[in-house]
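What follows is a set of notes on a single structure, which appears directly below.
Bear in mind these aren't lab numbers, they're just calculated from the coordinates by the rules spelled out. Being a predicted model, the structure only gives us computed values, none of them experimental. Reconstructed Cβ throughout: ideal geometry from the backbone, glycine too, with neighbour counts over all protein chains shown.
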Amino acid sequence: IIVTTQSDANYVIDAYNIKPHKLNVIPNSVDVEVLSYKQKTPDFTDTIKLLLVGRLAEMKNFHLVFEAVHQFPNRFEISLIGSGDYRPTLERSAKELKLNIRFLGNLANDQLTHQHHSHDLVVMTEAWGSGMPKVVLEAMATGTPFLASNIRSVRQFVEDGVNGFICEPDTASIHAGLRRIVEFNAVDLDQMRQRARRDIELKYSMDSCI
């Protein structure tokens, strides 16, 4: 049995009474040659370009991100990459909240680096999840500051305030997390971005995983 995190391995062992020797942990990996590191630290004093990536489903909590961003009038421009049945609901929410949101649909993987480099912040605040979210790994690889949910799969490789930011998957906590990031010391933020990139190179690049 192959899983991507030790926490998933522990879950399988406990839930299904599987012998530990039958489990193999192989992390997700990203191509660090394609996902190049963004040298410039984002400037949060002007309009902030926020990137959301994922299937358009309720559990991804994009609607809660909209509500949290709404509390920062005219501070954010949002781009959303992905498709799904929840798009009409998100479009209605964006219209009601009068948010500046671009729905980009599905994009090829080779376009993700440009999107990360042209945005200041990535948010991934899904309600639950197993595995290892590639959205967060990609943000870490490019050095894009990110806010991720405090769920089991994220806690395996993200340390809050060290290589990224973690919040609870609810509107109030997402809002507080966003405020924390935009007010974060620029020098410390740059060190955090570098630490995230190093973690990817050492643990989650294709070469290191092989």
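Work out which GluC sites (Glu not before Pro) in the chain are exposed loop sites (DSSP not H, G, I, E or B, at most 16 other Cβ within 10 Å) and give the longest gap free of them.
Details: sites that count: E33, E159, E183.
Maximal segment without exposed cleavage sites: 34-158.
So what is the calculated 222 nm ellipticity per residue for the chain, using -39500 (n - 2.57) for each DSSP H run with n of 4 or more, over all residues, to the nearest 500 deg cm²/dmol?
Using -39500 (n - 2.57) per qualifying helix, the result is -10500 deg cm²/dmol.
Only Lys, Arg, Asp and Glu carry charge here, each on its Cβ (+1 for the first two, -1 for the last two); on that basis the chain has a dipole of about 160 debye about its Cα centre. Taking the Cα centre of region 149-193 as reference, the dipole from Cβ charges on Lys and Arg (+1) and Asp and Glu (-1) amounts to some 120 debye. Dipole of region 1-106 computed with +1 at Lys/Arg Cβ and -1 at Asp/Glu Cβ about the Cα centre; of Q71, I1, T89, farthest Cα towards the positive end is T89.
Got a sec? Charge dipole of region 71-210, +1 on Cβ for Lys and Arg, -1 for Asp and Glu; which of F103, F146, F157 is way out at the positive end? Sorting the options by dipole projection puts first F103.
Exposed loop sites, defined as trypsin sites (Lys or Arg not before Pro) outside DSSP H, G, I, E and B with at most 11 other Cβ atoms within 10 Å, are absent from the longest region of the chain, namely 99-210. Remark: region 107-210 carries a charge dipole of roughly 140 debye about the Cα centre, counting +1 on each Lys and Arg Cβ and -1 on each Asp and Glu Cβ.
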